[in-house]
Amino acid sequence: MADLGKIDRAFFDEHIAPRLGADRDDVAIGPKHGVDFGMIEVGGRAVVLATDPLSVLPELGFDRAGRFALHVVLSDVAVSSLLPTHLAVSFALPPEMTDDQFAELWGAIDDEASALGTSVATGHTARYSGVEYPWVGGATALAVGDPADVVRPDGARPGDRILVTKGPAVEATGLLTTLFGDRMDLPAETLAAARERLDETRTVRDAVAAAAAGPVTAMHDATEGGLYGAFAEVAESAGVRIEIERDAVPIRPGVTETCDYLGIDPWTATSSGTLVLAVAPGGVGAVVDALDARGTPVGVAGAVAEGEGVLVDGERVEHPEVDPSWAVYAEYAGSE
């Protein structure tokens, strides 16, 4: 059986990268392994876009599930520094989903999109046999803006500082304890703290605020593969080395205890909501202040240097390739 989660670089390089359709001059940033978004330029404007699956977890309640699903989709565009302006959604709904349940889900998505100024431009909605939660479709988010305002994914340069918000395993901790915590032998106060992490899996406003304060040279959302994966992807994209001090990275309440209990390395577990930012030295104070003003924990965790790869506390770490939280989710979901 193939590994669960995103495909690795070898698969991408062999099967996807050589076959990208027509070669067009208006594609300013095309598909790259570990890069959050693409960009085309139309009439002097940048159109940043990213496509993701829609993951809907009924156990969260359809209102909360809708908000969670939307922010996962919008995050990949927001790390360009542009607020998402448009959304295209394709729903392939399981037959058992009722009209009332869909109305609650869609109402939550509409509320969040309206608050962010994101307009739904097109979509498709249908029920199909064989569809099962949580994967119920896909969505493409777009942001239209000035090309000069776009923070490129490959923009980190030697001398930049690396900032990290929120820390490792925020999403894995919040999601797994919210879904399966009643079956975990953890203290009640630990479970309560861990479950609160799910509401921190949002990056849109953090990314825009940080970029406005900058200068920010690169941003990345630490999703599958966690912080080690995110560090490796930022370094590889820019052709630089990233050096990190582990103690300078924030750790949110409940994360260490939950990951220890589940037997997973928090540094390699998905942490949607956590941003890795490369910031020019003169902008570090302003970015930290902007994130502090939003109540977002942030640490100045390291620096960008000449070379390649990632060093954490002086030791080289590799991209984890496989996110350990997938196996834990599959084990709990399959044993219900």
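The values are calculated or read from the model by the stated rules, or taken from the named source; none is laboratory data. Computed from a predicted model, the values in this text were never measured in an experiment. For neighbour counting, all protein chains shown are included, and Cβ atoms are generated from backbone atoms with ideal geometry for every residue, glycine included.
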Return the only residue of Glu257, Glu321, Glu245, Glu224 being under 21 Å from Gly159 (Cα atoms) and among the acidic types (Asp, Glu). Glu245
Among the residues of region 77-106, which ones are within 26 Å of Ala211 (Cβ to Cβ), surrounded by fewer than 24 Cβ atoms within 10 Å (Cβ to Cβ) and not hydroxyl-bearing (Ser, Thr, Tyr)? Leu83, His86, Leu87, Ala88, Val89
Matching residues, region 237-248, being of a type outside the set (D, E, K, R), crowded, with 17+ Cβ neighbours inside 10 Å and not in a loop (DSSP other than H, G, I, E, B): Ser237, Ala238, Ile242, Ile244
Quick one: which residue in Gly283, Gly299, Gly307 is touching a residue at least 60 places away in the same chain (Cβ under 8 Å), surrounded by 13 or more Cβ atoms within 10 Å (Cβ to Cβ) and within 20 Å of Arg252 (Cα to Cα)? Gly299
So which residues in region 305-336 are out of contact with any helix residue (DSSP H, G or I) (no Cβ under 6 Å at 6 or more places or on another chain) and hydroxyl-bearing (Ser, Thr, Tyr)? Tyr329, Ser335
In region 249-263, what count of residues is obtained for those that are out of contact with any Leu (no Cβ under 9 Å at 6 or more places or on another chain), crowded, with 24+ Cβ neighbours inside 10 Å and of a type outside the set (A, V, I, L, M)? 1
Could you please let me know if Ile251 is within 28 Å of Asp313 (Cβ to Cβ), in a strand (DSSP E or B) and over 13 Å from the mean Cα position of the chain (by Cα)? no
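Could you say which residue among Asp13, Asp23, Asp3 is of a type in the set (Asp, Glu), loosely packed, with under 15 Cβ neighbours inside 10 Å and either on the phi > 0 side of the Ramachandran plot or free of Cβ contacts under 8 Å to residues at least 12 places away in the same chain (or both)? Reasoning before the result, please.
Details: Asp13 fails: either on the phi > 0 side of the Ramachandran plot or free of Cβ contacts under 8 Å to residues at least 12 places away in the same chain (or both); Asp3 fails: either on the phi > 0 side of the Ramachandran plot or free of Cβ contacts under 8 Å to residues at least 12 places away in the same chain (or both).
One residue alone meets the criteria, Asp23.
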Taking region 190-236 and keeping residues in a strand (DSSP E or B) and of a type in the set (D, E, K, R) leaves Asp221
Screening Glu306, Glu321, Glu315, Glu257 for residues that are among the acidic types (Asp, Glu) and at pLDDT below 95 leaves only Glu321
For residues that are within 16 Å of Asp149 (Cβ to Cβ) and either buried (at least 17 other Cβ atoms within 10 Å of the Cβ) or not assigned by TED's automatic domain parsing to the domain that holds Thr125 (or both), scanning just region 37-56, find the one that is modelled with the lowest pLDDT. Phe37
